[in-house]
1. Please work out which one of (1) in a helix (DSSP H, G or I); (2) in the same structural domain as residue 294 (by TED's automatic domain parsing); (3) modelled with pLDDT under 85 is the condition residue 118 fails and give its number.
2. For region 227-250, what are the residues that are over 15 Å from residue 261 (Cβ atoms) and in contact (Cβ under 8 Å) with a residue 60 or more places away in the chain?
3. Among the residues of region 246-268, how many are under 25 Å from the mean Cα position of the chain (by Cα) and not polar (S, T, N, Q)?
4. Looking at (1) over 25 Å from residue 300 (Cα atoms); (2) at pLDDT 85 or above; (3) exposed (fewer than 15 other Cβ atoms within 10 Å of the Cβ), can you tell me which one residue 159 breaks?
5. Consider residue 293 against the criteria (1) within 23 Å of residue 133 (Cβ to Cβ); (2) not assigned by TED's automatic domain parsing to the domain that holds residue 123: it satisfies all of them except one. Which criterion is unmet?
6. Mind counting the residues in region 116-175 that are closer than 30 Å to residue 187 by Cβ, out of contact with any Gly (no Cβ under 6 Å at 6 or more places or on another chain) and of a type in the set (Ser, Thr, Tyr)?
7. Give me the strands (runs of 3 or more DSSP E) completely within region 232-301, filtered to those with at least 1 residues that are at pLDDT below 80 and in contact with a Phe, Trp or Tyr (Cβ under 6 Å, 6 or more places away or on another chain), ordered by residue number.
Amino acid sequence: MELRQIKHLITLAKLQHFNRAATELNLAQPSLSRSIQRLEGVLGVKLLERNSRNVKLTPYGEVVINHGQRILKSVGQLKDELNTMKRSGAGEVVIGASPILASRILGSVIGDFIRQHPWYRVDLIVGDWKSLYEQLLTGAISVFFAESSGTGLAKSNDIELIPLTNFKTVFCCRPHHPIFGKPSAVRLDDLKDYPLAVPLGLPGELATAFGGVLTNGRHDKAGLIRFEQFNPIKVSLQKCDMVALVPEALISRELEEGDLVSFVPDDMPSVSIGLCAVVLKSESRSPGVYEFLKCLKEFEY
């Protein structure tokens, strides 16, 4: 049953004539007849008595009209309430994200969201996935975004993970870095000769997959830098022979402008980082959260 079918029946009941009702509804008469027939088919009862001059409601039609008028009134009140929310700025969305995601991905998504829904207030909370998880459970935030692999989030029965995209992982450095001066292809073991920057909280299985290159058990020749925010590391990469491990999407602008170059060692394992949105399973999503998730899914990563 559709709202427009209820409107068609109410107009027919008021005018008691198909031609006049069709004219008021700006419909062709056959279209109005089909609409009423479909409504009768859905409900399984006859709603109108027809003769050559006019139509009138059956007892079933009277019942449908009574309920239909209440339904249309309720829908009208709902629209009025939502419009009031839009005008008053009553909507609020509290979002959490890891520092790297907040700095590069969510800024653009929030911009898209506010452009479409300027009446909402958005609070952005930055933290590691464990603190964001606790805040989600207590209701302090509505949704948060994190890397899905290696966090343990998939084991929780309280939350739902909404997959968004996968990021290819690469190494990056300044152009003309000495690592490219080798006569042979770059291998993981070559990275031990240079300072290496990796995201803080890197999953243990990822570090293991790289054969100890990403851990403190490296050669004494070069140190390990762990970071939350990439911007300071980006500056450092220009000043020294540091190499950084990052999701490729987070440095797309620097690669395009030639400030950084990316590379994948010949023996590097195939590694991607999955981005997901995390929400409570048992909680119905507010309109703001629903619309924000929609923007996130439509975003071109």
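The values are calculated or read from the model by the stated rules, or taken from the named source; none is laboratory data. Please read all numbers here as calculations on a predicted model, not as lab measurements. Note that each Cβ is placed from the backbone with ideal geometry, even for glycine, and that neighbours are counted across all protein chains shown.
1. (1)
2. 228, 229, 230, 231, 247, 249
3. The number of residues fulfilling the criteria is 8.
4. (3)
5. (2)
6. Residues flagged as closer than 30 Å to residue 187 by Cβ, out of contact with any Gly (no Cβ under 6 Å at 6 or more places or on another chain) and of a type in the set (Ser, Thr, Tyr) within region 116-175 amount to 3.
7. Where strands (runs of 3 or more DSSP E) fall fully within region 232-301 and carry at least 1 residues being at pLDDT below 80 and in contact with a Phe, Trp or Tyr (Cβ under 6 Å, 6 or more places away or on another chain), they are 272-280.
Per-residue answers, yes or no, for (1) more than 30 Å from residue 287 (Cβ to Cβ); (2) polar (S, T, N, Q); (3) out of contact with any Ser or Thr (no Cβ under 7 Å at 6 or more places or on another chain):
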{"position": "131", "(1), (2), (3)": "no, yes, yes"}
{"position": "142", "(1), (2), (3)": "no, yes, no"}
{"position": "173", "(1), (2), (3)": "yes, no, yes"}
{"position": "192", "(1), (2), (3)": "yes, no, yes"}
